[in-house]
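K.L.:
I have a structure I would like to understand better, so I am pasting it below and will then ask my questions one at a time.
The values are calculated or read from the model by the stated rules, or taken from the named source; none is laboratory data. Keep in mind that what you see is a predicted model, and the values were worked out from it rather than measured. Backbone-built Cβ (ideal geometry, glycine too); neighbour counts: all protein chains shown.
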Amino acid sequence: MTRWIPVVGLVAACAAGLAGCDDANACRPTCGAGFTCYYGVCVPGGPDAAGDDGGEIGPRDDGGDVGPRDDGGAEDAVSSCEAVGGAHDEDGDGIPDECDDCPEVSDPGQADADGDGIGDACEFPGDPGRVSERVAFLPFLESAGWVAEFGTWWRRDDMLGQDQQFAGANAFDDAWGFGDDVVVRTITSWGTGTDTTYRLSGVLLRVDARTPPSDWYYCCANAIGGTVQIWSFQAGAFDLLAEEPLSVSINSGEWYGVVGSAQGGEIACAVESAGSVVGSTVAGATLPLSGGIGVRTYGTAAVFSSVTAYR
Ligand SMILES: [Ca+2]
Ligand SMILES: [Ca+2]
Ligand SMILES: [Ca+2]
């Protein structure tokens, strides 16, 4: 059964136009020319001159004076699409990431039936409207900063990859400070692996790296046996909290979506294939964690083409 949790937009105040919201966290490393720091990551484009989070840049940019998300505001005299012409287009649908209502899934029509700024192609299954906005989209442009923990990570060609074929490897940004409530989707593909029990790829939720190694919740798919799993890790102890079968096999070299949701006392996890949910599970959250998000592999090489955070 697919079960999803309503997520309250705790950072909706930023969307309402409070100046300085996009400077909440410093970028590591400092963003290069043509990029601006936004929630701790470097995104294409220039600074938000109006300080309104509404015009020039950022995941909450409404797309300026082009496209269905235009709000007609004065700040849209120069849209982000125009300002960063030729900008990155992760999904190749012709709409630059900053203007795309679904930057990780091709949707050239930009259909958005409920008008919440999140495209139909990447609305979350089972509970439309539970996510109010996208707060970060990471196409893994080379300028973005991540903390690696174990494994052999690389970032190139707008992808983040991990080549270690045994044991676990994490990459995360603990500085985001999203708190308890967040929904994270990654697009991932499995490579070769050597572990005979687990070949996992997915997203980390509530990563807490105050005392390394980090503590976390993990929403993932296991390519061995074809299941969706929720794990916790705290003080050196792993715990498999929930596991349900997938309706499809995980094939190396193919792309899948893995979506994790953390709210209050619950963690939900779903796996997507070809735009459909192919398995989901829910577990109670017992660890008092808040913090960043990330990605993790276990027992397999894997590639991540993007990570998107919503609230
Ligand atoms: Ca696009
Ligand atoms: Ca798209
Ligand atoms: Ca929508």
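K.L.:
Being at pLDDT 95 or above and of a type outside the set (S, T, N, Q) is the filter here; which residues of region 244-256 pass it?
P.N.:
Listed by number, the residues that qualify are GLU244, PRO245, LEU246, VAL248, ILE250, GLU254, TRP255, TYR256.
K.L.:
Cβ contacts < 6 Å: first residue closer than 20 Å to VAL278 by Cα, restricted to region 223-244; second residue surrounded by fewer than 16 Cβ atoms within 10 Å (Cβ to Cβ), any location; separation 6+ or different chain. Result?
P.N.:
Final answer for the pair search is GLY226/SER249; THR227/PRO245; TRP231/LEU240.
K.L.:
Let me ask something else about it. So which residues in region 278-298 are touching an Asp or Glu at 6+ places or on another chain (Cβ under 8 Å) and either under 25 Å from SER106 (Cβ atoms) or buried (at least 24 other Cβ atoms within 10 Å of the Cβ) (or both)? Outline the logic, then answer.
P.N.:
Pass one, region 278-298, residues touching an Asp or Glu at 6+ places or on another chain (Cβ under 8 Å): 278-285, 287, 289-294, 298.
Listed by number, the residues that qualify are VAL278, GLY279, SER280, GLY291, GLY292, ILE293, GLY294, TYR298.
K.L.:
State all residues of region 249-277 that are under 21 Å from THR197 (Cβ atoms) and crowded, with 16+ Cβ neighbours inside 10 Å; if no residue qualifies, say none. I'd like the intermediate steps shown before the answer.
P.N.:
Of the residues in region 249-277, the ones under 21 Å from THR197 (Cβ atoms) are 249-252, 256, 258, 269, 271.
Across region 249-277, the qualifying residues are ILE250, TYR256, VAL258, CYS269, VAL271.
K.L.:
Only residues that are of a type outside the set (Val, Ile, Thr) and either closer than 19 Å to SER132 by Cα or within 17 Å of the chain's Cα centre (by Cα) (or both): list them for region 268-282, please. Steps first, answer last, please.
P.N.:
Just the residues of region 268-282 that are of a type outside the set (Val, Ile, Thr), to begin with: 268-270, 272-276, 279-280.
Selection gives ALA268, CYS269, ALA270, GLU272, SER273, GLY275.
K.L.:
Same structure again: Taking the conditions exactly as written (modelled with pLDDT under 85, of a type in the set (A, V, I, L, M, F, W, C) and over 22 Å from the mean Cα position of the chain (by Cα)), does VAL66 satisfy them or not?
P.N.:
Details: modelled with pLDDT under 85: yes; of a type in the set (A, V, I, L, M, F, W, C): yes; over 22 Å from the mean Cα position of the chain (by Cα): yes.
Here the answer is yes, as VAL66 does meet what is asked.
K.L.:
Being more than 19 Å from GLY202 (Cα to Cα) and either buried (at least 21 other Cβ atoms within 10 Å of the Cβ) or modelled with pLDDT under 85 (or both) narrows it down to one residue among ASP120, ASP89, ASP112, ASP100; which is it? Explain how you work it out, then say what you get.
P.N.:
On the way: ASP120 fails: either buried (at least 21 other Cβ atoms within 10 Å of the Cβ) or modelled with pLDDT under 85 (or both); ASP89 fails: either buried (at least 21 other Cβ atoms within 10 Å of the Cβ) or modelled with pLDDT under 85 (or both); ASP112 fails: either buried (at least 21 other Cβ atoms within 10 Å of the Cβ) or modelled with pLDDT under 85 (or both).
Going through ASP120, ASP89, ASP112, ASP100 in turn, just one is more than 19 Å from GLY202 (Cα to Cα) and either buried (at least 21 other Cβ atoms within 10 Å of the Cβ) or modelled with pLDDT under 85 (or both): ASP100.
Residue-wise test of (1) part of a strand (DSSP E or B); (2) modelled with pLDDT of 90 or more; (3) within 16 Å of VAL295 (Cα to Cα).
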site: GLY179; (1), (2), (3): no, no, no
site: THR197; (1), (2), (3): no, yes, no
site: LEU205; (1), (2), (3): yes, yes, yes
site: THR211; (1), (2), (3): no, no, no
site: CYS219; (1), (2), (3): yes, yes, yes
site: VAL228; (1), (2), (3): yes, yes, yes
site: PHE233; (1), (2), (3): yes, yes, yes
site: ALA242; (1), (2), (3): yes, yes, no
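K.L.:
Which members of region 245-267 meet the condition of being more than 20 Å from PRO288 (Cα to Cα), in a strand (DSSP E or B) and within 22 Å of the chain's Cα centre (by Cα)?
P.N.:
First, pick out the residues of region 245-267 that are more than 20 Å from PRO288 (Cα to Cα): 245-259.
Add one more test, that the residue is in a strand (DSSP E or B), and what stays is 245, 255-259.
Listed by number, the residues that qualify are TRP255, TYR256, GLY257, VAL258, VAL259.
K.L.:
Right, here's the next one. Given the options ALA309, ALA274, ALA301, name the one that is under 21 Å from VAL147 (Cβ atoms) and modelled with pLDDT under 90. If you could, list the steps in order and put the result at the bottom.
P.N.:
On the way: ALA274 fails: under 21 Å from VAL147 (Cβ atoms); ALA301 fails: modelled with pLDDT under 90.
Just a single option satisfies the conditions, and that option is ALA309.
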